[in-house]
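Visitor: Below is a structure I'd like to ask you about.
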Amino acid sequence: MTKTRHFAVAALSVGATLAAVAAAQSGAPTMRSRVFDSVHIKPETTKAGERRGVFDAQTATLERFESHVTTLNPGQALHPAHKHVEEELMIVREGTVEATLNGQATRVEVGGMIFCASGEMHGLRNVGTTRATYYVIKWFPHDLPKAGRSDGGAR
């Protein structure tokens, strides 16, 4: 193994160790492997449809890992386009949405995925005639700046 590879392996090991130490020091339980069945999670009514919180926890490598399921009524958007420092992935389960990323609108149908990069404007609107449901997955690395986070830097 070259010196560069030894250094890279050592750096990755140190990074993983520091993440695990940070998780342990926070006192919050670390999410373990498990199955989540969002169908049995009671929905909360929103102004545009409903939301089901699936999980929101610390993991061995993330300060916070969060997922929820959003359902939008026809013609509705949950909020105007916005941006935040964490990244997120949305997967359309049913219906048709319009994703606006940095001012560019794109129609997204069942099975489509929308990645929202850190610091970039994004918004979603149901453009179909039936309800649209999508999964949201967000991750917050340990070194993510507190300013500009969608959770206001909580935790």
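No value in this document is a laboratory result; all are computed from the given coordinates. What you are looking at is a predicted structure, and each value in this text was computed from that prediction instead of being measured. All Cβ positions, glycine included, derive from the backbone under ideal geometry; neighbour counts span all protein chains shown.
Visitor: Can you tell me which residue in the stretch 64-81 is surrounded by the fewest Cβ atoms within 10 Å (Cβ to Cβ), limited to those that are outside any loop (DSSP other than H, G, I, E, B) and hydrophobic (A, V, I, L, M, F, W, C)?
Guide: So the residue we want is F65.
Visitor: Looking at (1) surrounded by 14 or more Cβ atoms within 10 Å (Cβ to Cβ); (2) closer than 19 Å to E50 by Cα, which is the only condition T130 fails?
Guide: With respect to (1) surrounded by 14 or more Cβ atoms within 10 Å (Cβ to Cβ); (2) closer than 19 Å to E50 by Cα, T130 is out only on (1).
Visitor: May I ask you to say which residue of E94, E87, E109 is acidic (D, E) and closer than 16 Å to W139 by Cβ?
Guide: E87
Visitor: For the stretch 93-148, give me the residue count where each residue is free of Cβ contacts under 8 Å to residues at least 12 places away in the same chain and more than 27 Å from A57 (Cβ to Cβ).
Guide: Qualifying residue count, the stretch 93-148: 3.
Visitor: Do we have any residue at all in the stretch 34-51 that's β-branched (V, I, T), surrounded by 18 or more Cβ atoms within 10 Å (Cβ to Cβ) and over 21 Å from F140 (Cα atoms)?
Guide: No; the residues of the stretch 34-51 include none that is β-branched (V, I, T), surrounded by 18 or more Cβ atoms within 10 Å (Cβ to Cβ) and over 21 Å from F140 (Cα atoms).
Visitor: Checking T61 against (1) of a type in the set (S, T, N, Q); (2) more than 20 Å from R149 (Cα to Cα); (3) touching a strand residue (DSSP E or B) at 6+ places or on another chain (Cβ under 9 Å), only one condition comes out false. Which one?
Guide: Of the numbered conditions (1) of a type in the set (S, T, N, Q); (2) more than 20 Å from R149 (Cα to Cα); (3) touching a strand residue (DSSP E or B) at 6+ places or on another chain (Cβ under 9 Å), the odd one out for T61 is (2).
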